[in-house]
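Everything on this sheet refers to the single structure shown next.
The values are calculated or read from the model by the stated rules, or taken from the named source; none is laboratory data. Since the model is a prediction, treat every value here as computed from it, not as a measurement. Counting neighbours? That spans all protein chains shown, and the Cβs are built from the backbone with ideal geometry, glycine included. Side chains are part of the model used for accessible areas, which takes the heavy atoms of the whole protein and leaves out ligands, DNA and RNA. Shrake-Rupley method; radii C 1.70, N 1.55, O 1.52, S 1.80 Å.
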Amino acid sequence: MLNGKESEGVGDEAKRRVRAAVSQLGYMPNAAGTALRRGHSDVVLILLDPSFVGDVSEHSLLTTVAALTGLGHTVVTHTVTSEPEAVKVARSLQPRGVVLFAFVTARTYGELRTFGAGRVFGIPPVDDPSTADRPWERAIGRAQLRHVVACGHERVLYAFPEPSARLVIAEHRLRGVRDECRSLGLPEPRVFTLPLTRSGAVTALSNLPEARGAAVCAADDRHGLAVLAAAADLGWSVPSDVAVIGAEDTVESRLSVPALTSVRLLESERTEDLRDWVEAALNGRETTSDGFREEHGVSPEVVARGST
């Protein structure tokens, strides 16, 4: 009875007395003891890559959390700053399962399985997390390039960020821009580092005489907004003097003047399907290694605004 399940052979009077005693004594089940008996807790641990930020990433996380909580699980998130630390967290939680929104090695993947009741799913293990492929980021770069070309631009610049945790994202988006340039027979984009300060952005654009009349593909919306700010200070008209396209379709991109054209990833809204797949994975039923990606299937969409 105390685990919330009806017990056969227990009379109504006995049930009443047990419930009264529980209420009087303030009894609460011991979660640690339950986890010890089961070999795991009801917690599901979500491991996040340090670059897992932005509106699209937040939506992916919220959708997954909704699926897990809908199944009655407690969700704990942890950003992976080191793989041994991630394993340490899993060991301390003894989770029902681990969802990977992070790239980890096969060794760490195996250790997580040891402490995650054997249920680890999400992004498959990789040889080297620092060089792991991110095809969805390349798709964003390709979409940026296709859009500015469709707007009549053939001279393209790429606004690259200063060193940060998001550098790897910019590198993959730039790779997508370069891939699309090659497929269309266009010159390589001119890459320049763009500081996220107004004065720094003005200096960066001022040192690029080829920027006038070109299109700038920005690593993200923040850098796209920095280009818009610098263009305004330089007296350049957007998009006639310089066109700009960002990425991630943040709220800020919609509020700038002119509003910033951006690329967003359209995610699956099939929360029920994702919940079914997660439940199957947690219960050890047969699932495909790409099932999580299929339920979180993404495709790039350009949101055209005044900057292009």
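Worth pointing out:
- Residue, least open to solvent (accessible area, probe 1.4 Å), within the range 141-169, restricted to residues that are modelled with pLDDT under 95 and assigned to a helix (DSSP H, G or I): ILE169
- Residues of the range 181-201 satisfying the condition of being open to solvent by less than 30 Å² (accessible area, probe 1.4 Å) and in a helix (DSSP H, G or I): CYS181, GLY200, ALA201
- Among (1) out of contact with any helix residue (DSSP H, G or I) (no Cβ under 8 Å at 6 or more places or on another chain); (2) under 23 Å from PHE52 (Cα atoms), the one test that LEU196 misses: (1)
- Scanning the range 221-259 for residues that are of a type outside the set (Asp, Glu) and open to solvent by 50 Å² or more (accessible area, probe 1.4 Å) yields a count of 10.
- Filter result (assigned to a helix (DSSP H, G or I), open to solvent by 50 Å² or more (accessible area, probe 1.4 Å) and at pLDDT 70 or above) within the range 35-61: GLU58, HIS59
- Residue in the range 77-87 that is in contact with a Gly (Cβ under 7 Å, 6 or more places away or on another chain), more than 30 Å from SER253 (Cα to Cα) and either surrounded by fewer than 14 Cβ atoms within 10 Å (Cβ to Cβ) or modelled with pLDDT of 75 or more (or both) present: no
- Check on ARG146, basic (Lys, Arg) and closer than 30 Å to THR308 by Cα: yes
- Search result, residues across the range 181-191 that are out of contact with any strand residue (DSSP E or B) (no Cβ under 6 Å at 6 or more places or on another chain) and closer than 14 Å to ARG155 by Cα: CYS181, ARG182, LEU184, GLY185, LEU186, PRO187, GLU188
- Just one of the numbered conditions (1) in contact (Cβ under 8 Å) with a residue 40 or more places away in the chain; (2) more than 22 Å from ARG254 (Cβ to Cβ) is not true of SER206: (1).
- The number of residues in the range 56-72 that are over 13 Å from LEU282 (Cα atoms) and either in contact (Cβ under 8 Å) with a residue 24 or more places away in the chain or of a type in the set (Gly, Ala, Ser) (or both) comes to 9.
- Residue selected from the range 248-277 under the condition β-branched (Val, Ile, Thr) and part of a strand (DSSP E or B), by the criterion modelled with the lowest pLDDT: VAL263
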